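Taking it in order: structure first as structure tokens, then the write-up.
The values are calculated or read from the model by the stated rules, or taken from the named source; none is laboratory data. Keep in mind the model is a prediction, meaning the values are calculated, not measured. We place every Cβ from the backbone using ideal geometry, glycine too, and count neighbours over all the protein chains shown. Surface accessibility is based on the protein's heavy atoms, side chains included, excluding ligands, DNA and RNA. Shrake-Rupley method; radii C 1.70, N 1.55, O 1.52, S 1.80 Å.
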Amino acid sequence: MIFEYKLEKINSTLKFQYDDKCFIPTATSDFIIKSCSNYITKRSDLLDLGCGVGIVGISLFKMNLVKKLYSSDISSFAAKMCKINSKSYNIENDVRSGSVFEPWKGMKFDVIVDDVSGISEQIAKISPWFSNVACDSGPDGTSLTIQVLEKASEFLNKNGKLFFPIISLSNHKKILETAKSSFKNVKKVSSNKWFIPDEVSVNHNKLINKLKNLGFIDFEEKFGKKVAFTDIYMINN
């Protein structure tokens, strides 16, 4: 199967192979790519963390923002597809499989892009985004992102940058508090609102209202729809 991504900055459409065991890229990846392209100022050694089929790292490489590309995902199937997609664009990519920073012990990078799962596990189970794909982010969606934030400084070069999303289908306040307690320079670089799909917001209305009341997720009501947000943050080491 093929997923197409329009890379507007270089007026190019990239094609990515994937199978039903891989996470299909969502709007979050697009938000991250656009934010990184605005704030990466030189060709960098870049780690694409939670790379999936490789859309973020490969797109940034094609924009000439990456000197050396490293990618990892907890899914060995995703890592395999990332290797295939990198090879199709003649990109040298050191792709590894493992959770968060486990594959990269002792290494440092100029830029780390975090695209690991960041929504409530209970939302993931009923969503169209995680078919046949594990989501071990915890009931409030913070587990993996907090692991990244607490360990990232060990893997960043001096003056390095970390980009990460905060999605309101998680305890977004908890994630932001962790970021600010771990780093001095935390900057929101993009804010994006979107409608929660009906198969989640309508079909599971009782559940998502319960999760909101527990503080596990957040959304607002507009135009008769439930609206979530995805904010992209940048940290300077």
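Worth pointing out:
- Helices (runs of 4 or more DSSP H) lying entirely in the range 74-162 (those with 2 or more residues that are in contact (Cβ under 8 Å) with a residue 60 or more places away in the chain and open to solvent by 20 Å² or more (accessible area, probe 1.4 Å)): 76-88, 121-126
- Among the residues of the range 202-229, the one identified as surrounded by fewer than 19 Cβ atoms within 10 Å (Cβ to Cβ), among the β-branched types (Val, Ile, Thr) and under 24 Å from Lys188 (Cβ atoms) is Val227.
- In the range 10-32, residue surrounded by the most Cβ atoms within 10 Å (Cβ to Cβ) [restricted to those that are polar (S, T, N, Q) and touching a residue at least 24 places away in the same chain (Cβ under 8 Å)]: Ser29
- Count - residues of the range 164-193 that are open to solvent by 40 Å² or more (accessible area, probe 1.4 Å), over 16 Å from Ala27 (Cα atoms) and part of a strand (DSSP E or B): 3
- Residue in the range 213-231 that is farthest from Asn171 (Cα to Cα), counting only those that are of a type in the set (A, V, I, L, M, F, W, C) and out of contact with any strand residue (DSSP E or B) (no Cβ under 7 Å at 6 or more places or on another chain): Phe223
- Among residues of the range 5-26 being within 18 Å of the chain's Cα centre (by Cα) and under 24 Å from Ser99 (Cβ atoms), the one that is modelled with the highest pLDDT is Phe16.
Quick grid of which residues meet (1) over 24 Å from Val100 (Cβ atoms); (2) of a type in the set (Gly, Ala, Ser); (3) more than 18 Å from the chain's Cα centre (by Cα):
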| position | (1), (2), (3) |
| --- | --- |
| Thr142 | no, no, no |
| Ala152 | no, yes, no |
| Leu156 | no, no, no |
| Ile166 | no, no, no |
| Ile175 | no, no, no |
| Val202 | yes, no, yes |
| Asn209 | yes, no, yes |
| Phe216 | no, no, yes |
| Glu220 | yes, no, yes |
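- Of Asp19, Asp48, all but one fail to be of a type in the set (Asp, Glu) and in a strand (DSSP E or B); the exception is Asp48.
- Scanning the range 186-208 for residues that are closer than 16 Å to His172 by Cα and among the polar types (S, T, N, Q) gives Ser190, Ser191, Asn192.
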